[in-house]
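Asker: Before I ask anything, here is the structure I am working with.
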Amino acid sequence: MTSDLVGAPDGSAPSALSESRCSRRAILLSPLGLLGAARPPHKVTRRTHASNSSVPRPTGVPGQWSVGLDENFQGTTLDGALWNTQYPWGEDNNGDGSENCYLPTNAVLDGNGHLVLTGRQGLIEGTSSTGQPKSWPYNSGQVNTYGKFALEYGALEMRARVPAGPGVWPAFWALPADGSWPPEVDVMEIYGSMPNVLEMTYHRGTPDNRQVEYQKRTLARGAAFSDRFHIYGCDIAPDAITWYLDGVRQWSFGMRQDIVTQLKPLYIVCNFAVGGLGGDPGLNTWPQSYVVDYIRAWHRSDAG
């Protein structure tokens, strides 16, 4: 497969990340503790396709697999048995500097096999993650599988077309199902302020000693990720975590002891943040849409 990226996806050494960039994650999990939210059992749940043989393997990823989740977003109603449309603490964002809240009405199926997460401009008044009155100038959509689906060693994959312009911040990532942090695996993040750059990240360490490994890949010839659908994937194995774009390996982080001792079942998040690292949403036109064709997960059969 021919890559349209600048630079070879050769798994080069990960880059260091600033404290300000990774501080969003510490704030992210604090509302769970502040609100005393009930945590789901620490276990891996499995949602399987009716016929596993009909589900493709992870795109470009070697290994032995069993299907855990195959969501093609058919019909017109989102499956509430699998998907939540807000974080566990409610409509508020995760304290990452974004300017939006999350509303269920912004996470809908279009009837043509897509999940559409819409970002809109418009003042919304509600309740913050700490239970205080709060207002947001933007509102958008997300889905997550907190308390409903998780996997430990396995592959995650999404095919999607991201929104365009300043202020958009689409992401596809995974967090511990027991509500703790770290680790965290960010399969993809794209900032509207850098529309041709894909960021792939692994957060590890402890909340007081955060360590972040990441790589960026840049599209060539002035292209943007919003130009077309792309497949974003990640293989989480006991010896390495490897990221893929359109079936092409991008980079790996391999520190076996760190992964084995820290990794735990992870739930999936697919969200459309507005502002923050995405840039100034006031420079964009709204609404904008994050269109997801499918989200899939496979359990790794050869983990050890």
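The values are calculated or read from the model by the stated rules, or taken from the named source; none is laboratory data. Please read all numbers here as calculations on a predicted model, not as lab measurements. No Cβ is skipped: glycine too gets one built from the backbone with ideal geometry, and neighbour counts run over all protein chains shown.
Asker: Check P207, P287 and return the single one that is of a type outside the set (F, W, Y) and more than 30 Å from P163 (Cα to Cα). Step through it out loud before you land on a result.
Answerer: Details: P287 fails: more than 30 Å from P163 (Cα to Cα).
Exactly one residue qualifies, and that residue is P207.
Asker: Could we say that L109 is under 17 Å from A273 (Cα atoms), out of contact with any helix residue (DSSP H, G or I) (no Cβ under 6 Å at 6 or more places or on another chain) and of a type outside the set (G, A, S) here?
Answerer: Values: under 17 Å from A273 (Cα atoms): no; out of contact with any helix residue (DSSP H, G or I) (no Cβ under 6 Å at 6 or more places or on another chain): yes; of a type outside the set (G, A, S): yes.
So L109 fails the test.
Asker: Here are L78, L117, L69: which of them is part of a loop (DSSP other than H, G, I, E, B) and within 15 Å of I268 (Cβ to Cβ)? Before the answer, list the steps.
Answerer: Working: L117 fails: part of a loop (DSSP other than H, G, I, E, B); L69 fails: part of a loop (DSSP other than H, G, I, E, B).
Just a single option satisfies the conditions, and that option is L78.
Asker: Now for a different question. Can you confirm whether the stretch 128-138 contains a residue that is within 30 Å of Q74 (Cα to Cα), in a strand (DSSP E or B), modelled with pLDDT of 95 or more and not acidic (D, E)? Spell out how you get there, then give the answer.
Answerer: Narrowing the stretch 128-138 to residues within 30 Å of Q74 (Cα to Cα): 138.
Narrowing the set further to residues that are in a strand (DSSP E or B) leaves 138.
Checking the rest, the ones that are also modelled with pLDDT of 95 or more come to 138.
Now drop any that are not not acidic (D, E), which leaves 138.
Yes, the stretch 128-138 contains at least one residue that is within 30 Å of Q74 (Cα to Cα), in a strand (DSSP E or B), modelled with pLDDT of 95 or more and not acidic (D, E).
Asker: Pick from D79, D10, D110: which is exposed (fewer than 15 other Cβ atoms within 10 Å of the Cβ), modelled with pLDDT under 50 and either more than 27 Å from G282 (Cβ to Cβ) or in contact with a strand residue (DSSP E or B) (Cβ under 8 Å, 6 or more places away or on another chain) (or both)? Give the derivation first.
Answerer: Working: D79 fails: modelled with pLDDT under 50; D110 fails: modelled with pLDDT under 50.
On inspection, the qualifying residue turns out to be D10.
Asker: Conditions: (1) part of a strand (DSSP E or B); (2) of a type in the set (S, T, N, Q); (3) surrounded by fewer than 20 Cβ atoms within 10 Å (Cβ to Cβ). T285 meets all but one. Number of the miss?
Answerer: So T285 meets the others, but not (1).
Asker: So Q64 fits all but one of (1) touching a Ser or Thr at 6+ places or on another chain (Cβ under 8 Å); (2) closer than 23 Å to A171 by Cβ; (3) surrounded by fewer than 21 Cβ atoms within 10 Å (Cβ to Cβ); what number is the exception?
Answerer: (2)
Asker: With the requirement that a residue be part of a strand (DSSP E or B), farther than 14 Å from L277 by Cα and not aliphatic (A, V, I, L, M), what does the stretch 166-205 give you?
Answerer: We begin by selecting, within the stretch 166-205, every residue part of a strand (DSSP E or B); these are 168-176, 184-189, 197-205.
Going one step further and asking which of them are farther than 14 Å from L277 by Cα, we end up with 172-176, 184-187, 200-205.
If the condition is that a residue be part of a strand (DSSP E or B), farther than 14 Å from L277 by Cα and not aliphatic (A, V, I, L, M), then F172, W173, P176, E184, D186, T201, Y202, H203, R204, G205 are the ones that fit.
Asker: Specify which of the listed residues (I236, I295) is at pLDDT below 95 and within 30 Å of P104 (Cβ to Cβ).
Answerer: Working: I295 fails: at pLDDT below 95.
Sole residue among the options that is at pLDDT below 95 and within 30 Å of P104 (Cβ to Cβ): I236.
Asker: Quick one: which strands (runs of 3 or more DSSP E) sit completely within the stretch 236-280 and have at least 1 residues that are within 15 Å of the chain's Cα centre (by Cα)?
Answerer: Those strands (runs of 3 or more DSSP E) span 241-245, 266-274.
Asker: Could you list, in sequence order, the residues of the stretch 208-235 that are within 19 Å of P265 (Cβ to Cβ) and assigned to a loop (DSSP other than H, G, I, E, B)?
Answerer: Within the stretch 208-235, none qualify.
Asker: Turning to a different aspect of this structure: Which of the numbered conditions does P183 fail, given that it passes all the others? Conditions: (1) modelled with pLDDT under 95; (2) under 20 Å from G282 (Cβ atoms); (3) not basic (K, R).
Answerer: That leaves (2) as the condition not met.
Asker: Now a separate question. As an exercise: evaluate Y102 against (1) buried (at least 16 other Cβ atoms within 10 Å of the Cβ); (2) at pLDDT 85 or above; (3) farther than 29 Å from G279 by Cα and give the number of the one condition it does not meet.
Answerer: The failed condition is (3).
Asker: With small (G, A, S), surrounded by 22 or more Cβ atoms within 10 Å (Cβ to Cβ) and under 23 Å from G60 (Cβ atoms) as the only criterion, which of A240, A174, A150, A220 stands out? Lay out the reasoning, then the answer.
Answerer: On the way: A240 fails: surrounded by 22 or more Cβ atoms within 10 Å (Cβ to Cβ); A150 fails: under 23 Å from G60 (Cβ atoms); A220 fails: surrounded by 22 or more Cβ atoms within 10 Å (Cβ to Cβ).
Being small (G, A, S), surrounded by 22 or more Cβ atoms within 10 Å (Cβ to Cβ) and under 23 Å from G60 (Cβ atoms) holds for just one of A240, A174, A150, A220, which is A174.
Asker: Would you mind finding the one in Q262, Q288, Q215, Q211 that is without any contact (Cβ under 8 Å) to a residue 40 or more places away in the chain and within 23 Å of N94 (Cβ to Cβ)?
Answerer: None of the others qualify; the one that does is Q211.
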